[in-house]
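Below is one structure, written out as structure tokens; the observations come after it.
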Amino acid sequence: MLKTILYIAIGGAIGSVLRFLTTLLVSKYWSNNFPLATFIANVIGCFLIGLFVGYLTKNQLQESTLKWFLVTGLCGGFTTFSAFGMENYDLFQNNNSLLAFGYIALSISIGLFAVWFGLFVSK
């Protein structure tokens, strides 16, 4: 268990640094109000989690330490949106479209409310 946590922590640290570097790089060339750095991180994270899960599944490594490092750690540190994308993909693949759309709607609406509420409480 401790070994798994270590792999997740190392992957998460690398993902977090990559996220920071993405923000620095994008902000150097983009000054618009659109949050391009977050958008890019989310899209890249979704691509990476799909790539990693596909590779791990193809090679029967779904429960390996590589999964914890790449998927939970690296992608989780880079963006949690990648997990959100993967979970919804799985719901659609398993013919749970209604549940997927509900999850999407609730995550966005309640997530935005939670941000607002957190800001409200902190004032």
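Note on region 23-41: residues that are surrounded by 12 or more Cβ atoms within 10 Å (Cβ to Cβ) and either more than 19 Å from the chain's Cα centre (by Cα) or closer than 18 Å to Leu70 by Cα (or both) total 3. The listed residues are Leu61, Leu99, Leu119, and the only one of them that is over 17 Å from the mean Cα position of the chain (by Cα), modelled with pLDDT under 95 and outside any helix (DSSP H, G or I) turns out to be Leu61.
Checking the structure you have, find out if any residue of region 22-43 is without any contact (Cβ under 8 Å) to a residue 24 or more places away in the chain and within 18 Å of Tyr89 (Cα to Cα). Yes, the conditions are met somewhere in region 22-43. One residue alone among Ile104, Ile110, Ile49 is open to solvent by 70 Å² or more (accessible area, probe 1.4 Å), part of a helix (DSSP H, G or I) and either over 22 Å from Leu25 (Cα atoms) or without any contact (Cβ under 8 Å) to a residue 40 or more places away in the chain (or both), and that residue is Ile110. Per the conditions (1) open to solvent by 70 Å² or more (accessible area, probe 1.4 Å); (2) in contact with a helix residue (DSSP H, G or I) (Cβ under 9 Å, 6 or more places away or on another chain); (3) closer than 30 Å to Leu6 by Cα, the sole criterion not satisfied by Leu99 is (3). Taken as a whole, the condition of being in contact (Cβ under 8 Å) with a residue 24 or more places away in the chain, open to solvent by 70 Å² or more (accessible area, probe 1.4 Å), over 14 Å from Ile14 (Cβ atoms) and part of a helix (DSSP H, G or I) applies to Tyr89.
Once region 64-81 is narrowed to residues that are within 20 Å of Leu24 (Cβ to Cβ) and in a helix (DSSP H, G or I), the residue that is nearest to the chain's Cα centre (by Cα) is Phe81.
The values are calculated or read from the model by the stated rules, or taken from the named source; none is laboratory data. If you're wondering where the values come from, they're calculated on a predicted model, not measured in any experiment. Positions of Cβ are generated from backbone atoms using ideal geometry, with glycine treated the same way; all protein chains shown enter the neighbour counts. Areas reflect the complete protein model, heavy atoms only, side chains present, ligands, DNA and RNA absent. Shrake-Rupley method; radii C 1.70, N 1.55, O 1.52, S 1.80 Å.
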